[in-house]
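The values are calculated or read from the model by the stated rules, or taken from the named source; none is laboratory data. Here the structure is a predicted model, which is why all the values come from computation and not from measurement. As a convention, Cβ positions derive from the backbone with ideal geometry for all residues, glycine included, and neighbour counts pool all protein chains shown.
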Amino acid sequence: MDASIYDVFVVNVQKTVEECIALACTPSMNSLYTLKSNIENATSSWLLDFLENGGLTCLLDSLCAMTIQGPSNFSDAILQFDCLNCITTVLSTDVGMMHILELPNGLKKLTSALNTNHSMTKKELFEILSVLCMFSPQSYYAVLEALNYYKKETDQAHRFSILVTEITQTETVAYKCTILTAINCIINGNLSLQGRNKIRNEFISLGLLDTLSVLHAEEFDKDFQIQIEAFYSQKHKDEEDMQTKFEMDYQSPSALLDSIIEKTLGTPKYVSFLHILQDLLSLEYNSENEENSEKWQLIENLIPKIQSGEKPVWTDGQKCKKVYDKDLDILKEDNFINSLCEGSSDSQEGNAAPVIKYPFGTEKNLFDTNCDKLLLWMCFTPSKKLKKIHWSKITPKEIEKSDNCIWRSSNDFLPIIPNFSKMEDLFYSNIPVENTHLVGMQTLMNVTLFLTRSEYDAEDLVRALQENNVASIPQTTLSSLIKILPTKEEVAALRSYQGERLLLHPTEQFLVELSDVNDFHLILRGHFLQSEFLIKFVKLRTSIRSMVDACKTVLEDAGLRDFLHLILGAGNYLNQESCYGCAYGFKLSSLLEVSKIKATEFSYFNLLHHLVELAEENDEQVLMFTADADILEKAAACCLDETRNEVTALSNSLKQFLKELSQADQEVNNLFSIFIKDVKLLFGELQTRLRLLRTLAHKVAGYFCENVDDFSLQKCFQDLHEFYEAVKKCRTVSNGSNFLVLQ
């Protein structure tokens, strides 16, 4: 093995603050890995210098730049993930948490990275936001402000829309659990009972309860169920506290309304309250446009300000001039003013014509619109399939623009009623409906079911293919579609069809349009492979790094070596005149045998206790190897054979795709040219790391005199980790006033 390769991945050299800031400003995979290692091993003073000289700012700016550009290829996506890992490492310290709160727009830059298609990045971000919510009241409100900023930047309807949308659409249980944890932290981080109630109601208004009901029945993951239980438990507790405090059901609109009426009845406030209700009634309720949502948000924000004694801005002429442009735009709109002013107007009396209340308070006489004609025609439904008039329709808005439009109704209904029965006899359609199926019934049924359940319309899917925008389709949707695509024979039948497409089954119409796209099957598989490769690459790289770090730790730790020799000497002394004596060494599987040798008179004291005490009395540095228990714990969760198999499977999948791609059109090859280039680079790096890991695994096997053919690196790490924890417990016992039984 080339020594230079070993140095790149194993040896970590502590760099200066200036060098690390330069790495943060010019991110690459190697530079970010080096930066993360330096931050993990940094002293408090070094980290403080790094932060004060703009290190975290550089990382946030780099992350924002990657998000704005979007992950055009896999290198960019992985850089984004690695950059976020460095930020997470900084924020794992108290000084890092305090620093990001003091940074102007620090959290806003961080939340802007949520605007990505990569769930791993968003999962990491939600974990950071969860910790910040519980860190301090200052950080809690900073998170809410950052989420509100993200909502405005991405034109979302609500500041919590991103969380509810993600937990509804994702299929990864761990990601769902992270999002629900973030939701619980956002709710419970509010120290006020009424504040928690308001935040929770915001989530409920976005449909969170329906989503949780479905997930509660579908997902059986223990951690996820714990978070669901935490959500409902706190909800019930807060509701009980609210009911006790206000002596009524605080969640019931009718109970709240009755209470206000009871308090205001017989006073001038009752008239004001009645007028407020009348004005609210005139607002739109079913419309989902942004303007309507802003009206309700404005009202909601106004009440707490009045309650706290804050003077409304429009009562002060000087302050009114300083109102934000965005608020002015809303308040200046005539439509908005009309909706508040005209909504409570008195109803018409006498025999006046019926009135339709249009949005924004505009009232129209029923007979001044085209509504009567349309209603009349809609009362009749043809009993036969009729021929269609292919005319160009005029919209109601176009009619409203002209006062003298011919299509405006008079005050009379239609003078002549069409003879619908005769029209059916004269103009029925005699084109037979062909019951033709170009694909097998199984394919037809599967694709129909897919289109029914998919959040994408058939037209949107085809358009995404035609416009080379398949990356916008979620990975789960792509995965489901790829599994049910028609066979080559069925595709040939679809492409040879020359008849009227409208006569086909709607699902077959979709498949015919899909087959019009050259190599559609390959394009879909290629985009799915892109997203799948990113997830698998990051997972494999993390596993390999963990095992490489653990191998290096074991091979280079002099303290572990010295302590094992101490055990060997003590064991040989005890084993004299037996078949176990005169040992030159012992197997890793025998490590914990020393804890089974109990003291004759003190059963709670064993040989490992004695050896730990002896080491502490003579050279406490010998036992410092236990500080690496976390490194071994991470490595013990990884299996070298499984990692090797996953790399092989990924390699075979890529080879098959490249083989099919070589036979496709040049246009399709151009679509994936950047991806193929990145894959070759990243996969080469993965294989280099794997070769390095194999070499280190053989060294570890030789280090402990184990049979290379039967040696399990994972079992080695598990045994060592268990031994490290046992030694740590013994150190705790020896430093305490009482002995504890070693479990």
- Filter the stretch 598-613 for residues that are among the aliphatic types (A, V, I, L, M), surrounded by 15 or more Cβ atoms within 10 Å (Cβ to Cβ) and either in contact with a Cys (Cβ under 6 Å, 6 or more places away or on another chain) or not in a helix (DSSP H, G or I) (or both) and give the result. Leu608, Val612
- Item | Single match in Ile416, Ile399, Ile406 (criterion: modelled with pLDDT under 75, surrounded by 10 or more Cβ atoms within 10 Å (Cβ to Cβ) and out of contact with any strand residue (DSSP E or B) (no Cβ under 8 Å at 6 or more places or on another chain)) | Ile399
- Query: Can you tell me how many residues in the stretch 460-471 are in contact (Cβ under 8 Å) with a residue 12 or more places away in the chain and surrounded by fewer than 17 Cβ atoms within 10 Å (Cβ to Cβ)?
  - Reply: 3
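Can Ile199 be described as closer than 26 Å to Lys539 by Cβ and either β-branched (Val, Ile, Thr) or touching a residue at least 24 places away in the same chain (Cβ under 8 Å) (or both)?
When the stated conditions are applied, Ile199 does not pass them.
Conditions (1) under 29 Å from the mean Cα position of the chain (by Cα); (2) hydrophobic (A, V, I, L, M, F, W, C); (3) assigned to a helix (DSSP H, G or I), marked per residue:
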site	(1), (2), (3)
Cys638	yes, yes, no
Asn645	yes, no, yes
Leu650	yes, yes, yes
Lys699	no, no, yes
Asn707	no, no, no
Phe711	no, yes, no
Phe717	no, yes, yes
Val727	no, yes, yes
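If you check Asp258 against the conditions, is it surrounded by fewer than 15 Cβ atoms within 10 Å (Cβ to Cβ) and in the same structural domain as Leu163 (by the TED database)?
Details: surrounded by fewer than 15 Cβ atoms within 10 Å (Cβ to Cβ): yes; in the same structural domain as Leu163 (by the TED database): yes.
In short, yes.
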- Checklist (1) surrounded by 15 or more Cβ atoms within 10 Å (Cβ to Cβ); (2) part of a loop (DSSP other than H, G, I, E, B); (3) within 24 Å of the chain's Cα centre (by Cα) applied to Leu485, failing item: (3)
- For the stretch 485-510, pairs from a residue that is over 12 Å from Val439 (Cβ atoms) to a residue that is modelled with pLDDT of 80 or more and not small (Gly, Ala, Ser), with Cβ under 7 Å and 6 or more apart or across chains, are Arg501/Gln509; Arg501/Val512
- Message: Just to check your reading of the model, which residue among Thr111, Thr121 is among the β-branched types (Val, Ile, Thr), surrounded by 20 or more Cβ atoms within 10 Å (Cβ to Cβ), touching a residue at least 40 places away in the same chain (Cβ under 8 Å) and touching a Phe, Trp or Tyr at 6+ places or on another chain (Cβ under 7 Å)?
- Response: Thr121
- Sort out which residues of the stretch 139-169 are at pLDDT 90 or above and exposed (fewer than 15 other Cβ atoms within 10 Å of the Cβ), and write them in order of number. Tyr141, Glu145
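So which helices (runs of 4 or more DSSP H) stay within the stretch 76-146 end to end and still have 1 or more residues that are among the basic types (Lys, Arg)? I'd like the intermediate steps shown before the answer.
On the way: elements: 94-102, 106-112, 119-135.
By residue number, 106-112, 119-135.
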- Residues located in the stretch 661-693, provided they are more than 33 Å from the chain's Cα centre (by Cα) and surrounded by 14 or more Cβ atoms within 10 Å (Cβ to Cβ): Ala664, Leu692
- Can Asp549 be described as of a type in the set (D, E, K, R), more than 27 Å from Val470 (Cα to Cα) and surrounded by 15 or more Cβ atoms within 10 Å (Cβ to Cβ)? yes
- Scan Ile128, Ile167, Ile162, Ile100 and give me the residue that is over 30 Å from His216 (Cβ atoms) and out of contact with any Pro (no Cβ under 9 Å at 6 or more places or on another chain). Ile100
- Message: Can you find a residue that is small (Gly, Ala, Ser) and in contact with a helix residue (DSSP H, G or I) (Cβ under 7 Å, 6 or more places away or on another chain) anywhere in the stretch 656-665?
- Response: yes
- Item | Hits in the stretch 702-728 - residues which are without any contact (Cβ under 8 Å) to a residue 60 or more places away in the chain and either touching a strand residue (DSSP E or B) at 6+ places or on another chain (Cβ under 8 Å) or closer than 17 Å to Gly559 by Cα (or both) | none
- Message: Against the definition (of a type outside the set (A, V, I, L, M, F, W, C) and surrounded by fewer than 19 Cβ atoms within 10 Å (Cβ to Cβ)), how does Lys222 come out, yes or no?
- Response: yes
- Query: Take the residues of the stretch 275-304 that are farther than 20 Å from His158 by Cβ and out of contact with any helix residue (DSSP H, G or I) (no Cβ under 9 Å at 6 or more places or on another chain): which is modelled with the highest pLDDT?
  - Reply: Ile276
- Breaking point among (1) modelled with pLDDT of 80 or more; (2) buried (at least 19 other Cβ atoms within 10 Å of the Cβ), for Leu449: (2)
- What single numbered condition from (1) in a helix (DSSP H, G or I); (2) surrounded by 11 or more Cβ atoms within 10 Å (Cβ to Cβ) fails to hold for Tyr573? (2)
